[in-house]
Amino acid sequence: MALAFSGLSAYTKQLVKPLLTSAVFGAKTQELIKQGGIVIPGVKSSAAIPLMETDAVFGTQSCSFDASGTTTFSQRTITVGSIKVEEKICPKDMEAYFTQEALKAGSSYEDFGNADFQKAYLDKKNARIAAQLETALWQGDTTGSGGANLNKFDGLLKLIDAGSPVDANVSGYTGLSGAAQSAITATNVVACTEGIYKAIPAAVMAKGDVKIFVGYDWYRLLILAYRALNLFSYNPQDVNAQSFILPGTNIEVQPVNGLNSTGDAYAISLSNIALGVDLVDEETNYRLWYSEDNNDVRFRAQFKVGVNVAFTNECVKFKSTI
């Protein structure tokens, strides 16, 4: 008697471990601000960045008191976005697929997988939130059409451009003839990056914490362009290098995913950037619970975040998409 398999589909072994997830970039800009910028906690809606400016006018010594000079107080405002991320999961939907391997025995579930499965889910969810924040910190626009992930608070591009930054996309800085550069290419990326360096105000340079922020697309073009010029400005053995010093300067070129595909770059001192939050690292706090009333598992993360710079005139912008 032979075995008959005509009523079966070929079996493919499906495992829940290892559960592979796609690559997600982190919130590098947020981490840099936390390390060297200004972090303002406890912000529920908006907060003022208090600013003071004063001059010092030299006078000639005499027996009289000759007052001169002015001290001015002003402020810029950080308005935070009130953000939530919520998802509901029905564990019974997992029974028909390889995900059943993560479910406990029996037909009643108070979670949606074993510890390894839940950890993979939560790690990926936290990474995805960080990635969305990285983009929003630069490209956020409450009046724009960028979608739900970009309309919760205004990002650095909008806030700086609305002020009075130095414009580096001019021939006086880049040394390139003709009109402003409309795209970054292998042939102009070095001149454009060095033009940003030339445009940094001397007083800002003296702060010692200026970085040139570019997207990873710009950064890769720049690395390859310097290699073609035989200017190895980084240690080729350092496989973990995520930035490099612009050759002949002390300024770090820092790639951030928030500027990817924008064609834009900015030189900003970290001490000029402020991050407003309700609670530091609040975006990594979450709730994951079983709702007996709804017979599903629910995820919720809630946080507030916003960004701004204190002095736009101390920033340098390079807008190639003009």
Using all Cα-Cα distances in the chain, what percent lands in each 20 angstrom bin from 0 up to the longest?
26, 44, 23, 6, 1, 0, 0
Packing-wise, with mean Cβ within 10 Å as the measure, how do 216-225, 35-44 rank, highest first?
216-225, 35-44
Relative packing of peptides 158-166, 180-188 - highest average C-beta neighbours within 10 Å first:
158-166, 180-188
Considering only the other residues whose Cβ falls under 12 Å of the Cβ of N295, what net charge follows from Lys and Arg at +1 and Asp and Glu at -1?
-2
Would you mind pulling out the separation of the Cα centroids of region 91-150 and region 159-223, in Å?
38
Is there a quick way to get the dipole size of the chain? I mean about its Cα centre, with the Cβ of Lys and Arg at +1 and of Asp and Glu at -1; what is the value in debye to the nearest 20?
460
Determine which aspartates and glutamates satisfy two conditions relative to K319: a Cα distance under 12 Å, and not lying fewer than 8 residues away in the same chain.
D161, D167, D264
Suppose accessible area is computed on protein heavy atoms with a 1.4 Å probe; arrange M94, M52 from highest to lowest.
M52, M94
Gyration tensor (alpha-carbon) shape descriptor, region 117-243, a/c threshold 1.5
oblate
Cα-projected label distance for E95 with E110, points at 7 Å along beta-carbon direction, nm
2.0
Could you check the spin-label model distance between F73 and V57? Points 7 Å from the Cα along Cα→Cβ, value in nm.
2.2
Sequence gap at least 6, Cα distance under 8 Å: using those rules, report the relative contact order of the chain to the nearest whole percent.
27
Where does each of D123, D93, D278 land when they are ordered by accessible area, with a 1.4 Å probe and the largest first?
D93, D123, D278
For region 45-169, with the dipole built from +1 on Lys and Arg beta-carbon atoms and -1 on Asp and Glu ones, taken about the Cα centre, which of G69, L156, Q118 lies farthest toward the positive end?
Q118
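The values are calculated or read from the model by the stated rules, or taken from the named source; none is laboratory data. This is a predicted model, so every value here is computed, not measured. Cβ atoms come from the backbone with ideal geometry, glycine included; neighbour counts cover every protein chain shown. Ligands, DNA and RNA are stripped out before the accessible areas are found, and what is left, the full protein with its side chains, is counted by its heavy atoms. Shrake-Rupley method; radii C 1.70, N 1.55, O 1.52, S 1.80 Å.
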